[in-house]
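The values are calculated or read from the model by the stated rules, or taken from the named source; none is laboratory data. Keep in mind that what you see is a predicted model, and the values were worked out from it rather than measured. Backbone-built Cβ (ideal geometry, glycine too); neighbour counts: all protein chains shown. Keep in mind that these areas ignore ligands, DNA and RNA; they rest on the heavy atoms of the full protein, side chains included. Shrake-Rupley method; radii C 1.70, N 1.55, O 1.52, S 1.80 Å.
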Amino acid sequence: KNGGAFYTSNALLTSRQSIFRENQADQGGLFYISENSVLMTHQAEFGNNRAKIATIIYCVQDSKFKLQSQTIIEGNHAEETALIRALHSKGSRIENSTVRGNEMKSTLFHLFYADLEMSNVVIENN
């Protein structure tokens with residue numbers, strides 16, 4: 001199963017002041033975004049989500065994400081790797097957000113032929 005809450009293809013998904021908790025999937029515990037999709041969040045909270053790979057976002061095929069305005073990513077768990085995995089993805093951003101207390105066997109962010117811009121982000125206790 002891909003995308004515990006959302007699976008997108010050629011889509012725009014915008015979320016404001018939302019809470020995403022206790023979702024799970026094999027890849028993309030919350031979001032699996034593909035084929036030129038765009039995910040934008042403002043003042044969102046991601047907590048206690050689980051996945052084998054990419055607990056919060058699995059981003060592929062020229063898709064991108066923007067996590068903005070006091071987004072909190074806390075207490076999530078990946079069995080293998082990554083809070084966020086981006087493959088062949090350009091233009092993703094995380095700004096004015098906090099990433100803390102997440103557990104995974106490997107890195108928080110796995111980027112492969114991808115770019116990620118971060119601004120005013122606190123990353124602690126992962």
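Brief remarks on what is shown
- Selected residue (criterion: farthest from residue 50 (Cα to Cα)) from residues of the stretch 17-26 that are open to solvent by less than 100 Å² (accessible area, probe 1.4 Å) and in a strand (DSSP E or B): 20
- Within this structure, residue 2 fails the test of being crowded, with 16+ Cβ neighbours inside 10 Å, within 18 Å of residue 101 (Cβ to Cβ) and either over 11 Å from the mean Cα position of the chain (by Cα) or not aliphatic (A, V, I, L, M) (or both).
- Looking across the stretch 5-16, just one residue is among the small types (Gly, Ala, Ser) and either under 18 Å from residue 69 (Cα atoms) or loosely packed, with under 12 Cβ neighbours inside 10 Å (or both), and that is 15.
- Among the residues of the stretch 98-108, those identified as open to solvent by less than 40 Å² (accessible area, probe 1.4 Å), under 11 Å from residue 74 (Cα atoms) and not β-branched (Val, Ile, Thr) are 101, 102.
- Exactly one residue out of 98, 8, 14 is in a strand (DSSP E or B), touching a strand residue (DSSP E or B) at 6+ places or on another chain (Cβ under 8 Å), hydroxyl-bearing (Ser, Thr, Tyr) and in contact (Cβ under 8 Å) with a residue 40 or more places away in the chain: that is 8.
- Sole residue being acidic (Asp, Glu), open to solvent by less than 70 Å² (accessible area, probe 1.4 Å) and more than 21 Å from residue 1 (Cβ to Cβ), chosen from 117, 95: 95
- The number of residues in the stretch 36-65 being open to solvent by 10 Å² or more (accessible area, probe 1.4 Å), under 14 Å from residue 114 (Cα atoms) and free of Cβ contacts under 8 Å to residues at least 40 places away in the same chain comes to 5.
- Restricting the stretch 69-86 to residues that are modelled with pLDDT of 95 or more and outside any strand (DSSP E or B) leaves a set whose member that is surrounded by the most Cβ atoms within 10 Å (Cβ to Cβ) is 76.
- Of all residues in the stretch 101-116, those satisfying the criterion of being out of contact with any Leu (no Cβ under 9 Å at 6 or more places or on another chain) and either in contact (Cβ under 8 Å) with a residue 40 or more places away in the chain or part of a strand (DSSP E or B) (or both) are 103, 115, 116.
- Matching option when the condition is under 12 Å from the mean Cα position of the chain (by Cα), at pLDDT 95 or above, under 21 Å from residue 8 (Cα atoms) and of a type in the set (Ser, Thr, Tyr), among 58, 113: 58
- Among the residues examined, residue 66 qualifies as part of a strand (DSSP E or B) and farther than 9 Å from residue 28 by Cα.
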